[in-house]
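Participant: Mind having a look at this structure? Questions to follow.
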Amino acid sequence: MPKRVAVIDLGSNSMRLAIFERTSRFGFYILAEHKLKIRLANGAYENGGMLQMPAMQNALEAFLEFKSLIKSYRANRVLCVGTSALRDAPNKNVFINMVKKAANISIRVIDGTSEANFGAIAALNLLANFTDATTLDIGGGSSELACIKNKKIVDKISLNIGTVRLKELFFDKRDLSGLEDFVKELIDKIPTDFKNENLIAIGGSGRALSNAIMNLQEYPLKIVHNFIYDYNTYRNFMSQIIRSKAIDLNRFPIKKDRYDTIREGVFIFRQIADFLGAKKIITSGAGVREGVFLSSILGRGTRLPENFNPSLKSLQDRFSVKNSNNIAKYAKNLFEILSPLHKLDEKYKYLLTNAAKICEIGLKVGFYAKHLHASYLALNALNYGFKHDEKVLIAAIIALHGKKELGVEFNDIKKLLPGEKIVIWLSFLLEFARILNENSDKIFALNYNNFNLKIVGAKENLNLKESIKKLPKPAIFAISLV
């Protein structure tokens, strides 16, 4: 598989490009993202799905721009999928041939269930851990759902209701009389097995809605992926958007480029969420593009290896330094043997060991303030697999560096952290593990008994002794080098 892969998602409303860079077999990060609003489906739904020449020409120009970008990023492979507008179009081959001839890009037209499957693969592998949920990806021409049970994709369905489709058939004509019956007839086709309290919002409309709710909450972390909110709390807010006139949408915290289809998108979202009995909305910043890329590296499988985090592995691949492999082992050992002192929940051991794996990556940026460099990278590059509070905690205990007070850079996001005692203890354990690793190539044996922690084989290690003296302890106990 090539190191850099370009994925193009050609939708009814927008065309998106993502450049993925692999750092190892399954480790990767996104090198670039670009979006162009092309409205390929413009005028199609009023003409039997037939793509109109101005829309095709507009999309072709976008392909040529993307081709230039792909070349500049030196991507070695291009994967392009076409969704609802293309699969519905009787004249799709005309456009596919235009793109092939002008840009030398092959478009793979995928059916609705394949589109749903790609979105589900992205959610399953890149969201924080969950067991059961239904995914919903609202596009311009269709909406795709996937049913996930016990971490397996068990069913998929595609419905011919999308934002552009509803806009052209109902909203633009100011004829909403048949809208609810039109949508209800299609939603009633969703099998009852899809009903779930957890609804994963994929796609532009779902993310735009989550961004608006984040603004209403004054949410401290401006990252939409893995943002979670209570559906019933904001159902009335959704109704206000739907009932609003286009000219009044500026009253809501919604980006202008979403004004043309946000009412349609929110209407579909609310109707389906009601049908499914949704209570918790989980936002996924990853969708079809990530699913296409993951499928290309997973082969016939649908999941990354158990307990594998591609963001964490990518950071390790790109920034790890020599002699840092044992920090996680020390951190885990210290957490376990000092548990009678700290009495922290077992779930924090997982976050501590992950922090330990990347706490030294800041050295690749610079020695001075290396812990702050590592913290920044953790907060901004652990994009997948961690909840927001988990990511902030990992960044915080790295930044704290064994001390007892966080810097001003955490002022706005402190509310996502657990109690002060938890943060201080985890930071102490992490820094203690780092110091132990720094002062010997071999693994010291650690023994704890009767408020005395013994480091076996370290009696003559003066640097270790001085480093430990400087480390503030969060509880009263002795540390002996024997």
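Participant: Answer yes or no: is there a residue in the stretch 105-117 that is closer than 25 Å to residue 238 by Cβ, of a type in the set (D, E, K, R) and open to solvent by 30 Å² or more (accessible area, probe 1.4 Å).
Facilitator: no
Participant: Let me ask something else about it. Can you say whether residue 468 is in contact with a helix residue (DSSP H, G or I) (Cβ under 7 Å, 6 or more places away or on another chain) and either among the aliphatic types (A, V, I, L, M) or assigned to a helix (DSSP H, G or I) (or both), as far as the supplied structure shows? Please lay out each step first, then the result.
Facilitator: Working: in contact with a helix residue (DSSP H, G or I) (Cβ under 7 Å, 6 or more places away or on another chain): yes; either among the aliphatic types (A, V, I, L, M) or assigned to a helix (DSSP H, G or I) (or both): yes.
So residue 468 passes the test.
Participant: State whether the residues of the stretch 136-151 include one that is touching a residue at least 60 places away in the same chain (Cβ under 8 Å) and closer than 19 Å to residue 300 by Cβ.
Facilitator: The answer is yes, given that some residue of the stretch 136-151 is touching a residue at least 60 places away in the same chain (Cβ under 8 Å) and closer than 19 Å to residue 300 by Cβ.
Participant: Let me ask something else about it. Just wondering, is there one or more residues in the stretch 38-61 that are open to solvent by less than 60 Å² (accessible area, probe 1.4 Å), assigned to a helix (DSSP H, G or I) and farther than 14 Å from residue 103 by Cα?
Facilitator: Checked against the condition, which is being open to solvent by less than 60 Å² (accessible area, probe 1.4 Å), assigned to a helix (DSSP H, G or I) and farther than 14 Å from residue 103 by Cα, the stretch 38-61 yields at least one hit.
Participant: In the list 65, 61, 33, 21, which residue meets the criterion of being farther than 26 Å from residue 161 by Cβ and over 27 Å from the mean Cα position of the chain (by Cα)?
Facilitator: Details: 65 fails: over 27 Å from the mean Cα position of the chain (by Cα); 33 fails: over 27 Å from the mean Cα position of the chain (by Cα); 21 fails: over 27 Å from the mean Cα position of the chain (by Cα).
Exactly one of 65, 61, 33, 21 is farther than 26 Å from residue 161 by Cβ and over 27 Å from the mean Cα position of the chain (by Cα), namely 61.
Participant: Select, from 125, 150, the only residue that is surrounded by fewer than 24 Cβ atoms within 10 Å (Cβ to Cβ) and under 17 Å from the mean Cα position of the chain (by Cα).
Facilitator: The match here is 125.
Participant: Let me confirm something: among 72, 12, 24, 68, which residue is over 19 Å from residue 137 (Cα atoms), among the hydroxyl-bearing types (Ser, Thr, Tyr) and in contact (Cβ under 8 Å) with a residue 40 or more places away in the chain? Reasoning before the result, please.
Facilitator: Values: 72 fails: in contact (Cβ under 8 Å) with a residue 40 or more places away in the chain; 12 fails: over 19 Å from residue 137 (Cα atoms); 68 fails: in contact (Cβ under 8 Å) with a residue 40 or more places away in the chain.
Being over 19 Å from residue 137 (Cα atoms), among the hydroxyl-bearing types (Ser, Thr, Tyr) and in contact (Cβ under 8 Å) with a residue 40 or more places away in the chain holds for just one of 72, 12, 24, 68, which is 24.
Participant: Which one is most open to solvent (accessible area, probe 1.4 Å) among residues in the stretch 164-192 that are touching a residue at least 24 places away in the same chain (Cβ under 8 Å) and out of contact with any helix residue (DSSP H, G or I) (no Cβ under 9 Å at 6 or more places or on another chain)?
Facilitator: 189
Participant: Scan the stretch 69-85 residue by residue and report those that are more than 14 Å from residue 16 (Cα to Cα) and either open to solvent by 70 Å² or more (accessible area, probe 1.4 Å) or of a type in the set (A, V, I, L, M, F, W, C) (or both).
Facilitator: From the stretch 69-85, those more than 14 Å from residue 16 (Cα to Cα) are 71-77, 84-85; that's our starting set.
Within the stretch 69-85, 71, 72, 74, 75, 76, 77, 85 qualify.
Participant: Next up: Surrounded by 13 or more Cβ atoms within 10 Å (Cβ to Cβ), not aromatic (Phe, Trp, Tyr) and not in a helix (DSSP H, G or I), is that true of residue 196?
Facilitator: On the way: surrounded by 13 or more Cβ atoms within 10 Å (Cβ to Cβ): yes; not aromatic (Phe, Trp, Tyr): yes; not in a helix (DSSP H, G or I): yes.
Taking the combined requirement at face value, the residue satisfies it.
Participant: For the subset of the stretch 458-482 comprising residues that are without any contact (Cβ under 8 Å) to a residue 24 or more places away in the chain and more than 40 Å from the chain's Cα centre (by Cα), which member is least open to solvent (accessible area, probe 1.4 Å)? Quick ask: steps written out before the conclusion?
Facilitator: Residues of the stretch 458-482 that are without any contact (Cβ under 8 Å) to a residue 24 or more places away in the chain, as a first pass: 459-462, 465-466, 469-470.
Now restrict to residues that are more than 40 Å from the chain's Cα centre (by Cα): 459-462, 465-466, 469.
Numbers: 459: 139, 460: 151, 461: 34, 462: 129, 465: 99, 466: 88, 469: 141 Å².
Only one residue tops the list, namely 461.
Participant: Continuing with the same structure: Scan the stretch 208-228 and give yes if some residue there is farther than 24 Å from residue 251 by Cβ, surrounded by fewer than 21 Cβ atoms within 10 Å (Cβ to Cβ) and in contact with a Cys (Cβ under 9 Å, 6 or more places away or on another chain), otherwise no. Walk me through it before giving the result.
Facilitator: Our first condition is that a residue be farther than 24 Å from residue 251 by Cβ; within the stretch 208-228, this holds for 221, 223, 225-226, 228.
Filter once more, so that each one left must be surrounded by fewer than 21 Cβ atoms within 10 Å (Cβ to Cβ): 221, 223, 225, 228.
Then keep just the ones that are in contact with a Cys (Cβ under 9 Å, 6 or more places away or on another chain); that gives none.
No, there is no match, as no residue in the stretch 208-228 is farther than 24 Å from residue 251 by Cβ, surrounded by fewer than 21 Cβ atoms within 10 Å (Cβ to Cβ) and in contact with a Cys (Cβ under 9 Å, 6 or more places away or on another chain).
Participant: Do the conditions hold for residue 30, that is, is it within 21 Å of residue 289 (Cα to Cα), open to solvent by less than 80 Å² (accessible area, probe 1.4 Å) and either part of a helix (DSSP H, G or I) or not assigned by the TED database to the domain that holds residue 94 (or both)? Can you show your working first?
Facilitator: Values: within 21 Å of residue 289 (Cα to Cα): yes; open to solvent by less than 80 Å² (accessible area, probe 1.4 Å): yes; either part of a helix (DSSP H, G or I) or not assigned by the TED database to the domain that holds residue 94 (or both): no.
So residue 30 fails the test.
Participant: Just give me the residues in the stretch 9-24 being out of contact with any helix residue (DSSP H, G or I) (no Cβ under 6 Å at 6 or more places or on another chain) and open to solvent by less than 20 Å² (accessible area, probe 1.4 Å), in sequence order.
Facilitator: 10, 11, 14, 19, 21
The values are calculated or read from the model by the stated rules, or taken from the named source; none is laboratory data. Source: prediction; values computed, not measured. For neighbour counting, all protein chains shown are included, and Cβ atoms are generated from backbone atoms with ideal geometry for every residue, glycine included. We work out accessible area using only protein heavy atoms, side chains counted, and drop any ligands, DNA or RNA first. Shrake-Rupley method; radii C 1.70, N 1.55, O 1.52, S 1.80 Å.
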